[in-house]
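Engineer: I'd like to ask you about the structure that follows.
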2 protein chains.
Amino acid sequence: MAVLLTILTDPRDPTPRRTLALPPNTSILKSAHAASIEITATCGGRGRCTSCRVKFVAGTIPPPTIMDEIQLGNDLVREGYRLSCQCVPSEAVTVQVAPPLEERAFQILGAGPGVVGMGRVTLDSGIRKQVVKVSLPREEHHQISDLEQLAAALGVTPTDVGLAVLQGLPAALRDDPAGVTVTTFAPPGGRGSERVVAVERGDTAGMKFGLAVDIGTTTVVSTLIELDSGEQLASVSSLNPQAVFGGDLMSRIAFAQFDPGNLRKLHTRIIGLLNRHIEEACRQSGVLAKWIYKVVVVGNTCMHHLLLGIDPSFVGLAPYAPVMRHALVLPARELFLKVAPEARVCLLPLVAGFVGADAVAVALATRIYEGAAIRIAVDIGTNGEVILGSRDRLWACSAPAGPALEGAQIRHGMRGALGAIDRVTVDDDIHVHTIGEADPLGICGSGLIDLLAGLLDTGVIDWTGLIRVEAREALPPKLRERVVMRGEERQVIVLRPGEASARQEVVLTQDDVRQVQLAKGAIASGIAMLQHVASVSDETVAELMLAGGFGNYVSIASALRIGLIPPLPKEKIRYVGNAASLGAQLCLVSETERQRAESVAARIEHVSLAAHPDFERIFVDAMNFPRPG
Amino acid sequence: MAVLLTILTDPRDPTPRRTLALPPNTSILKSAHAASIEITATCGGRGRCTSCRVKFVAGTIPPPTIMDEIQLGNDLVREGYRLSCQCVPSEAVTVQVAPPLEERAFQILGAGPGVVGMGRVTLDSGIRKQVVKVSLPREEHHQISDLEQLAAALGVTPTDVGLAVLQGLPAALRDDPAGVTVTTFAPPGGRGSERVVAVERGDTAGMKFGLAVDIGTTTVVSTLIELDSGEQLASVSSLNPQAVFGGDLMSRIAFAQFDPGNLRKLHTRIIGLLNRHIEEACRQSGVLAKWIYKVVVVGNTCMHHLLLGIDPSFVGLAPYAPVMRHALVLPARELFLKVAPEARVCLLPLVAGFVGADAVAVALATRIYEGAAIRIAVDIGTNGEVILGSRDRLWACSAPAGPALEGAQIRHGMRGALGAIDRVTVDDDIHVHTIGEADPLGICGSGLIDLLAGLLDTGVIDWTGLIRVEAREALPPKLRERVVMRGEERQVIVLRPGEASARQEVVLTQDDVRQVQLAKGAIASGIAMLQHVASVSDETVAELMLAGGFGNYVSIASALRIGLIPPLPKEKIRYVGNAASLGAQLCLVSETERQRAESVAARIEHVSLAAHPDFERIFVDAMNFPRPG
C-alpha cells in the first residue's frame, strides 16, 4: 500500500509543495525523482554524501540509518534531517528539501552565524579532470614514449608531468581501452603552466576532491570538500598531538629550539595526524584518498614551519622573524601526505612570526579587506590574532591568550567537551549548564567567562580581579556560602559534590581569575593596540567579528562584561564561525581566492605589541575588568 | 740542515728543472710555492685531493702517508707518486710535477686510449658558489623573513629556494657572522631561473663536487669530480645488485613485470647501491657528501626507468616503447640520494626502449656527431649499442650481447677479475695469461675471444663454430690432445689441473662456443644492420670505436678474426674507454655538453633490428665466423 509523501520543494518557503503516493519500499529520493521533483544527489543516491538530505516537518521521523549518522552527524539527525536516498517512510510524512547545491556550497563556506559580507564564491579550484584517449606508441623504428603521447593528447610538455604520475603511467594507459582520466592543476591567470597531477585508468571525471586544513596550536580541523560543488563531505577535528611537547607556541618553540631531534618529532607528529585525518575523512565520505588532488593548509607561522620541517627557533627570539613568508605549492609526496602523490599542497602566505596564514585566512573569509567601514576580526585561540581595517588599510597583531580559555592552567578547567560547564548564571546563587546536559566534570572557557561576568555583576569579584572574601557578608546567603578562604587561597565554590549531579567539587580559585585576566588582557590589549595605532575609536568600529572555536561559544554579553572585547553595542558584534578554516576552504574551491590571499597578506601591516612604547600601559589596563558605571 | 730538492717542472719534459734547498720539516709543495714553482693544490695542501702529486725520479722515495694511500691508491703509490703537500724528504731527491689541472681535467675525461676528436671541454657545470653576507631581519613591526633577506642578497625569488634549504636556513644564517656560502644551479642560456641548492654556514666556496654515474645492466660506475677543475677524485665500481633478479634486461623486466613489489625491490636496490658508492667515493677523497651538488646519471632505458621507480613492463613488449624520453632534472631528495638534498640529479635523455641515455652519452663522448666522416661506436656490454653516423645523420640500434662476454653462461667463465684468463695464444698448444698473473680460476670475455680466434686459425673450430673433434688427427700433438669428445659433448681442454698452476680443469665446450657466437652475432649484426640501413660500406667507415668495460680489453686482432667487428684495417679501430661514463662526466662538468646531449638524442634515428625485414638474414650470417680466405 502506498504511503502519502508531501514534499516542500523550496528550501526557504514552506508554501510550494507536492504530495505523492510513495510505493512500498521506495526511498523518498527515488519517488521524488520519479515525480520530477529536484533533489540533488551528488553521490548518485548511495548514502555517500549529504546533498539529498531532507528535514522532516510532519509525521513520525524514521529512525536514522547508519548512513544518516555517518553523513549527517548527531546534531542534524536530532534536528530531524535524514538522507532522502536512505529513507523509506512507512506512514504519511512531510519533508522539506535542503537548499540546492550551489546555495549550499556558499552556505557551508559561510556556515554557522555567517561570514558577513561574503558574496558568492567563484568555484575555480584549478583542478580539472578530462577523459582522454591516448594513442599508444606503435612504431618500433621511430619510437616515441608513452609520456610524449600523453603530452600530445593534452597539449602539455613532458616536464609538466610529475614523477609519481610517470611511475604508474604505462599501466594506466593500457588498462582501459576507453581512455584515461587526466587530472591537471593550473594556477589562475596563466601564472604557471598546467601541471599533470594524476592519470587514472578509465573515467573518474566525477571524482574531484580537496582537503582544507586548519592547524591550530591546540586543535587541527580538516574538511573534505567536493571541488566542483564546494560541498563539504566530511570534517575531522582533533587535538594537535604536538601539544604534549608544549601547550602554547613559545613552549613548543623552546622544545624544538636547537634540537633537530625534537624538531623532527614535532614535524612527524603533525604529518601523522594529517594522514589520520585524511583516512578518517575518506572513511566518513567513501571518497578514495587518491581522488584528493588539492590540499590547502593554514596555520600560524610556527605550525606552518613545523609542518614543513623548518626550524622555528628564531621565530621565538626577537625580532621574531619567520624563515619564509611566501605562498608555497608543493607536491603531496614531499610532505608524505597520503593523498594523490602529485596533489598540490598549497600553503597560504604568512605575515609575521606571530601573524600567520591563519590570520590571512580569517581576513579572506571575513572580507574585512573589502568594505569601506572599519571592522575588527578577533580569532580567539591559544594563539589568537586581531585584524583591524577596511579596504583602505589593514593592521594585524597577535593576541596570545594562552590555553586558559581552552580550560588549561585552570584548577577545574576542561575543554568544551561533554560534561563541561559552558553556561553560568549568577543571581542569589550560581546556576550551571553543561554540554550535553551531562553530569558536570569541569568548566570550559565560555563557562569561565559567564562565571566571571556574573561574579563581577554581583560584586563577588572587584574590577582588579580580587575575590572579595572580606565583603561576602553583603551577598545573598547561598552565594555568600560559596565565597571562601581556604588556607591562603581565595575560592568561589561553583559546585559542591551532589549539586547538579556533580561528582566532585568545582571551584574557581584566585589564580584561575588571574589566568583568565591574562588571557582576556592579551586579546583586549591586542584590539586596543590596533585601535590605537590606526586611530580608531570604539564609535568608528562598524563591526567586531568573533572567530575561532572558542569565539563562537562565548556569550557576547559576558565577553562585554569582562572587557574581553571593547564596549560596542551588541548588534555590532557577530560570530563568524571558524573563519581560518573557512578561509582555507575558500582557497581550496577557488584559485581566485587563493590568489587574493597573497595580495591580502601583502597588504596587512604587522603591529608588534611588545615593541610598541604604549603597550605596557594598554596591557595593564586591559588586564583589569571594566569598572562599574 | 737543508736537503737538496730537484723539481722537474714540466710534466712532459724532463729538461726544465729547478734545484732548491729544502728547509727541515718543510713539504715539497710549500718549498716549491716559496720558490714560485707552480704546483696546483686544489684542496689548499691539506691532502684532500690529488692535484699536487709528484713522481719521484731519483733518491729514496719516502714511505707513503695515510693520505697518499687514500688519495692516490696503491697503484700510484707503488709507481712512486706522492702528494707533495704531505711529503717531507730527509735526503736529496728529484721529483717531477704531475700535469697541471686543466690538462688533466681533459686527460681524465678522455682517459685511457683517448676519446678521439674530443676538443677541450668548457667547464661550466652550472653550479656556482658565492659567499654572501645576509642581513638578518631586524624590524618587529614590518617583519620580513630570513628567506626574503637571502633572496634579496642573491637577486633571486623565494620560490627558487628548495624546501630542504629552507629547513636549515635560519641556523646557517645565524651561525657565522662572516656570511654564508650559497650554492646555485643555473641551466645554460637562461632556460630556467637560478635555483638555490644549498646554503652553508661560513665560507665553503672551494668545495664544489659532482658525481657521474653510469648504471649498466651488469656494472655500475660512479665517479666523483671536482667541478671547477674537472679533476677526478674517486671512482667506485661494482656489480649491479639487481643482477640477482636477472642477468640481462629481458629477464630483469620479466621480474618486474606487473609486480609492484618486485619493481620496488629493483628500485631500492639501485638507490641503495648509489648511496654506498657516494659513501665510498667520499671516504676515498675526503669530500663530504653534502658538497656534492650535481649528479649526472646515464644508463639504458630499463636502468633509467628502474632508478626512477617507473614500471618498465612495456619496454619488454613490442613495440618496446619507453615510458618517457626527455632529459630530467630532479632534486636528490626525491631519489633519496644522500648528497646535498637539493642537489640537481640530471638524467640524460633516452632514444628508444633499448637505446638509452648511455648510448647518448657514448655519442657525446666520441664526438661522433661532429665530423664529416662516417664513424661507428660500439659499446660492448650485456646490453650493448651501436651508433653509426656523422654530423649529417646518426643511427643507433641495440646489440644485446647478453652476459656471455662477462663470463656468465660459460662453463668456466668468470668476470675480468684476478685469476681470469684474459689472453690466450694458440700455436702447437694453448698458452694463457691471467689477470694479476695469478693462478688461473676461469676465463673471461677477452680470453674467450682470443681462444676462439686461435682455434679458428688452427682449424680446431670451423667457420660454423663446430669443434672439429673428427679432424683432430691433423693437429700438432699437444693441441690434438686438448680436443676431446666427452660423452656427447665436444670440448677443448684449455688447462688441466697443474698446468700453469691451474687447480682445476678449464674447458671450452661446444655450448660455450655457441654462446659466444650468439653474443658476437648480436653485435656484428647490429653493426651490419646500421651499415645496411645507412648504405655504408666497410670502405666508407672512417673509424670504429670500441667502448665499454669489455670493449677496452678485447684484442682487436682477435675481434677481427672472429668477426665481432667488420673487416676494417686495424688502424681504423680504436679503444675509447668507458665512453658512457665519460659522457656522463662531460655533462657533469659542462652544461653546454648536457644541453648538447638533448640535441644529439633528438638527432639519433633508432633502428629496430627485430622489426627490420632483412634482420634474420643478417643475424644468421653474423652468427658464423668469417670463412678463411
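The values are calculated or read from the model by the stated rules, or taken from the named source; none is laboratory data. Everything quoted here is computed from the prediction, not taken from an experiment. No Cβ is skipped: glycine too gets one built from the backbone with ideal geometry, and neighbour counts run over all protein chains shown.
Engineer: Can you tell me which residue is nearest to the chain's Cα centre (by Cα) among those in the stretch A:309-340 that are within 30 Å of residue A:279 (Cβ to Cβ) and basic (Lys, Arg)?
Structural biologist: Among them, the one singled out is A:338.
Engineer: Only residues that are within 36 Å of the chain's Cα centre (by Cα), among the small types (Gly, Ala, Ser) and facing chain A (nearest Cβ under 9 Å): list them for the stretch B:144-168, please.
Structural biologist: Answer for the stretch B:144-168, where residues must be within 36 Å of the chain's Cα centre (by Cα), among the small types (Gly, Ala, Ser) and facing chain A (nearest Cβ under 9 Å): B:164, B:168.
Engineer: If a residue has to be basic (Lys, Arg) and modelled with pLDDT of 95 or more to count, how many in the stretch B:597-629 make the cut?
Structural biologist: So in the stretch B:597-629, the residues basic (Lys, Arg) come out as B:603, B:617, B:627.
With modelled with pLDDT of 95 or more added as a condition, the list becomes B:603.
So the answer is 1.
Engineer: Among the residues of the stretch B:182-227, which ones are of a type in the set (D, E, K, R) and either at pLDDT 95 or above or in contact with a strand residue (DSSP E or B) (Cβ under 9 Å, 6 or more places away or on another chain) (or both)? Before the answer, list the steps.
Structural biologist: Going residue by residue through the stretch B:182-227, those that are of a type in the set (D, E, K, R) are B:191, B:194-195, B:200-201, B:203, B:208, B:214, B:226.
Once the filter is applied, which keeps residues that are of a type in the set (D, E, K, R) and either at pLDDT 95 or above or in contact with a strand residue (DSSP E or B) (Cβ under 9 Å, 6 or more places away or on another chain) (or both), the stretch B:182-227 yields B:194, B:195, B:200, B:201, B:203, B:208, B:214, B:226.
Engineer: Right, another one. Take the conditions in contact with a Ser or Thr (Cβ under 8 Å, 6 or more places away or on another chain), of a type in the set (A, V, I, L, M, F, W, C) and within 14 Å of chain B (Cβ to nearest Cβ) and apply them to residue A:196. Does it pass?
Structural biologist: Details: in contact with a Ser or Thr (Cβ under 8 Å, 6 or more places away or on another chain): yes; of a type in the set (A, V, I, L, M, F, W, C): yes; within 14 Å of chain B (Cβ to nearest Cβ): yes.
Judged against the criteria, residue A:196 is a match.
Engineer: Could you say which residue among A:410, A:443, A:421, A:449 is out of contact with any strand residue (DSSP E or B) (no Cβ under 8 Å at 6 or more places or on another chain) and among the β-branched types (Val, Ile, Thr)? Write out each step before concluding.
Structural biologist: On the way: A:410 fails: out of contact with any strand residue (DSSP E or B) (no Cβ under 8 Å at 6 or more places or on another chain); A:443 fails: out of contact with any strand residue (DSSP E or B) (no Cβ under 8 Å at 6 or more places or on another chain); A:421 fails: out of contact with any strand residue (DSSP E or B) (no Cβ under 8 Å at 6 or more places or on another chain).
After applying the criteria, what remains is A:449.
Engineer: Same structure again: Looking at A:148, A:140, which is the one that is within 28 Å of residue B:345 (Cβ to Cβ) and of a type in the set (Asp, Glu)? Talk me through it step by step, then tell me what you get.
Structural biologist: Details: A:140 fails: within 28 Å of residue B:345 (Cβ to Cβ).
Being within 28 Å of residue B:345 (Cβ to Cβ) and of a type in the set (Asp, Glu) holds for just one of A:148, A:140, which is A:148.
Engineer: Which one of these does residue B:261 not meet: (1) over 24 Å from residue B:403 (Cβ atoms); (2) without any contact (Cβ under 8 Å) to a residue 40 or more places away in the chain; (3) touching a helix residue (DSSP H, G or I) at 6+ places or on another chain (Cβ under 6 Å)?
Structural biologist: The single condition residue B:261 does not satisfy is (3).
Engineer: Let me ask something else about it. Among the residues of the stretch B:269-280, are any facing chain A (nearest Cβ under 10 Å), surrounded by fewer than 22 Cβ atoms within 10 Å (Cβ to Cβ), among the acidic types (Asp, Glu) and not in a loop (DSSP other than H, G, I, E, B)?
Structural biologist: Residues of the stretch B:269-280 that are facing chain A (nearest Cβ under 10 Å), as a first pass: none.
So far as the stretch B:269-280 goes, no, none of its residues is facing chain A (nearest Cβ under 10 Å), surrounded by fewer than 22 Cβ atoms within 10 Å (Cβ to Cβ), among the acidic types (Asp, Glu) and not in a loop (DSSP other than H, G, I, E, B).
Engineer: Quick one: which strands (runs of 3 or more DSSP E) lie wholly within the stretch B:188-267 and hold at least 1 residues that are assigned by TED's automatic domain parsing to the domain that holds residue B:173 and crowded, with 21+ Cβ neighbours inside 10 Å?
Structural biologist: Values: elements: B:195-201, B:209-215, B:219-226, B:232-239.
Here the list reads B:195-201.
Engineer: Moving on to the next point. Take residue B:598 and tell me if it is surrounded by fewer than 24 Cβ atoms within 10 Å (Cβ to Cβ) and within 14 Å of chain A (Cβ to nearest Cβ). Talk me through it step by step, then tell me what you get.
Structural biologist: Numbers: surrounded by fewer than 24 Cβ atoms within 10 Å (Cβ to Cβ): yes; within 14 Å of chain A (Cβ to nearest Cβ): yes.
Yes.
Engineer: Next question. Quick check, is residue B:178 more than 23 Å from residue B:590 (Cβ to Cβ), within 11 Å of chain A (Cβ to nearest Cβ) and at pLDDT below 90? Please lay out each step first, then the result.
Structural biologist: Numbers: more than 23 Å from residue B:590 (Cβ to Cβ): yes; within 11 Å of chain A (Cβ to nearest Cβ): no; at pLDDT below 90: yes.
No, not satisfied.
Engineer: Related question: Looking at the stretch B:385-429, which of the residues that are at positive phi and within 20 Å of the chain's Cα centre (by Cα) is surrounded by the most Cβ atoms within 10 Å (Cβ to Cβ)?
Structural biologist: Kept after step one, since they are at positive phi, are these residues of the stretch B:385-429: B:389, B:402, B:407, B:409, B:419.
With the extra rule that they be within 20 Å of the chain's Cα centre (by Cα), the set shrinks to B:402, B:407.
Working: B:402: 23, B:407: 21.
Looking at the filtered set, the residue picked out is B:402.
Engineer: Scan the stretch B:544-590 for residues that are in a loop (DSSP other than H, G, I, E, B) and over 24 Å from residue B:435 (Cα atoms) and jot them down. Before the answer, list the steps.
Structural biologist: So in the stretch B:544-590, the residues in a loop (DSSP other than H, G, I, E, B) come out as B:548-555, B:563-569, B:576-578.
Within the stretch B:544-590, B:563, B:565, B:566, B:567, B:568, B:569 meet the criteria.
Engineer: Then there is this: Looking at the structure I just gave you, is residue A:593 part of a helix (DSSP H, G or I), modelled with pLDDT of 90 or more and more than 14 Å from chain B (Cβ to nearest Cβ)? Spell out how you get there, then give the answer.
Structural biologist: Values: part of a helix (DSSP H, G or I): yes; modelled with pLDDT of 90 or more: yes; more than 14 Å from chain B (Cβ to nearest Cβ): yes.
Considered against the rule, which asks whether it is part of a helix (DSSP H, G or I), modelled with pLDDT of 90 or more and more than 14 Å from chain B (Cβ to nearest Cβ), residue A:593 comes out as yes.
Engineer: So, in the stretch A:132-143, of the ones that are more than 7 Å from every other protein chain (Cβ to nearest Cβ) and surrounded by fewer than 19 Cβ atoms within 10 Å (Cβ to Cβ), which residue ends up nearest to residue A:183 (Cα to Cα)? Working first, answer last.
Structural biologist: Initial filter on the stretch A:132-143 (more than 7 Å from every other protein chain (Cβ to nearest Cβ)): A:132-136.
So of that shortlist, the ones also surrounded by fewer than 19 Cβ atoms within 10 Å (Cβ to Cβ) come out as A:132-133, A:135-136.
On the way: A:132: 10, A:133: 14, A:135: 18, A:136: 19 Å.
Step by step, filter the stretch A:132-143, then rank; the result is A:132.
Engineer: For the stretch B:470-492, which positions are buried (at least 17 other Cβ atoms within 10 Å of the Cβ) and either at positive phi or not in a loop (DSSP other than H, G, I, E, B) (or both)?
Structural biologist: Step one: list which residues in the stretch B:470-492 are buried (at least 17 other Cβ atoms within 10 Å of the Cβ), which gives B:472, B:475, B:479, B:482-483, B:490-492.
Hits for the stretch B:470-492 are B:472, B:479, B:483, B:490, B:491, B:492.
Engineer: Read through the list (1) in contact (Cβ under 8 Å) with a residue 24 or more places away in the chain; (2) part of a helix (DSSP H, G or I), then give the number of the only condition that residue B:287 fails.
Structural biologist: If we test residue B:287 against (1) in contact (Cβ under 8 Å) with a residue 24 or more places away in the chain; (2) part of a helix (DSSP H, G or I), just (2) comes out false.
Engineer: Still on this model: Could you check how many residues of the stretch B:408-453 are in contact (Cβ under 8 Å) with a residue 60 or more places away in the chain and part of a helix (DSSP H, G or I)?
Structural biologist: Matching residues across the stretch B:408-453 total 7.
Engineer: For the list (1) surrounded by fewer than 22 Cβ atoms within 10 Å (Cβ to Cβ); (2) within 29 Å of residue A:518 (Cβ to Cβ); (3) modelled with pLDDT of 95 or more; (4) out of contact with any Pro (no Cβ under 8 Å at 6 or more places or on another chain), I need the number of the one condition that residue A:303 fails.
Structural biologist: Result: residue A:303 fails condition (1) only.
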